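Worksheet: one structure, shown below.
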Amino acid sequence: MAFAREVPRKSGTAYEMQSVGDGKKRQRTFTVKREAERFALKVENAKEAAEPTAPLARSSKSVAAVVEASYAASLPKLKPKTARGYRLTYDSKVLPLFGKKRAAALTRADVQAWVNSMTAEGLAPATVRGAYMALNKAMKHALYGRDIAVNPCAGVALPRLETSASFETQFLTLQQVESVAAQLADAAPFDLLVRFLALTGLRAGEAVRLRIRDVNLRAGHVEVRQTLQRIDRQWVLGTPKSKRSTRDVPILDRGLLRDLKAYLLQHPHSGDPDALFWPGRAVGTHWVDYDRVLDAGGFRDNYFRPALTRCGLPPKTRVHDLRHTAASLWLAAGFSNVQVSRWLGHGSVMVAHVIYSHLYPTDYAQHLDRFDAFRASHCRLTKWTRHYPRSGHRRAPPTH
């Protein structure tokens, strides 16, 4: 029960509002009795409506406390790279502005002004949306924990995420892939790595973690079971991006399969099934080191992009675009969207449909033949004949 009582103070009379809610005793002091009584009534109304009373206390949690609680709760379920992304977003975009503010005092107008300011600064729509989603995640956690009564992120207008700006893909042809690989002939086996990525569609984090046992040349496929990523200058072993990312990817190019067998014969650790399949680069040199993990960023900067430049291809082409290249080649070869999505390890078939729909074959010859057969059959059954009077109007078909 909430009530207000008169308390003598040196500066005059004060009025304390005391209440018990959410298992805690809370107190607020007012200089005007009417304000204390109104606030006591507000507390009673909130309790009667089964709403949290913690947001009404001035000592309620700060946004920083809410963020830390939300982050700690979700950390066991997040992959290391995702967790690092949330941490960087909170530290750089959320906490500097809202960290000391009470979570219950944060309003939708505050969040909207924050989103608008980031947009005005020229940040990409995807970056703005990412920051908003991080704050929204923390506020939902506070809402479910009854630390706030309303989520201030609800109803905030976000910048439109343009398809062209949010997802740009580069597709190489088979000839271009071979040209890039040829430029790396003196940096073997990175020439083979280019072809491997372009013909299997593996993510860079999946490829660098491959062990000898994972490249099953007898079965003709690659077994994707683990990933390896460099986060904060440390190698972090993890699982593939989603459940469907744990998969077997066929090696459909006979030339690539032959060259992989030859490469494995000269691999210094070919007898060790747990050895890394692809070598790294020795520190300070261009020599390969089969005991070091391949750094995808170093491969991109020191080998892949220079090879692109020498071939006259766009230097902004990413190593990840070799994955898109594999998808484009598979679709051009006539493999179904479902099959391609399964080989790529997408969590949903719709991902491949959205990204690669413009690459689907558009040969309608079979459809034309099928419709001609339907037309011929239908005309025989109804005995229609086409007559076009001189007036230009089509004559109605005879009735039966």
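Values quoted throughout were computed directly from the atomic coordinates according to the rules given, and no laboratory measurement underlies them. No experiment lies behind these values; they were computed from the predicted model shown. For neighbour counting, all protein chains shown are included, and Cβ atoms are generated from backbone atoms with ideal geometry for every residue, glycine included.
Backbone amide hydrogens, once placed in the peptide plane, bring ARG211 within less than 5 Å of PHE277, excluding anything fewer than 5 places away on its chain. The simple Förster model, with R0 at 30 Å and r as the Cβ-Cβ distance, assigns ASP289 and GLN175 a FRET efficiency of 0.40. Per-residue Karplus couplings for the stretch 96-110, computed as 6.51 cos²θ - 1.76 cosθ + 1.60 with θ equal to phi - 60°, are listed in order as x, 9, 10, x, 8, 7, 5, 4, 6, 8, 6, 10, 4, 4, 4 Hz, Gly and Pro entered as x.
Would you mind checking the pairs LYS61/LYS81; LYS61/LYS137; LYS79/LYS100; LYS77/LYS316 and listing those with alpha carbons more than 24 angstrom apart? The partial results should precede the final answer.
Values: LYS61/LYS81 28 Å; LYS61/LYS137 16 Å; LYS79/LYS100 28 Å; LYS77/LYS316 33 Å.
With Cα atoms farther than 24 Å apart: LYS61/LYS81; LYS79/LYS100; LYS77/LYS316.
Once backbone amide H atoms are built at 1.01 Å from N, VAL288 has ALA282 as its partners under 5 Å, excluding neighbours fewer than 5 places away on the same chain. Checking every one of the chymotrypsin sites (Phe, Trp or Tyr not before Pro) in the stretch 240-325 against DSSP loop status and a limit of 11 other Cβ atoms within 10 Å picks out TRP287. Remark: the LEU264-SER92 segment gains 57.3 nm on full extension, using 0.36 nm per residue and subtracting the alpha carbon distance.
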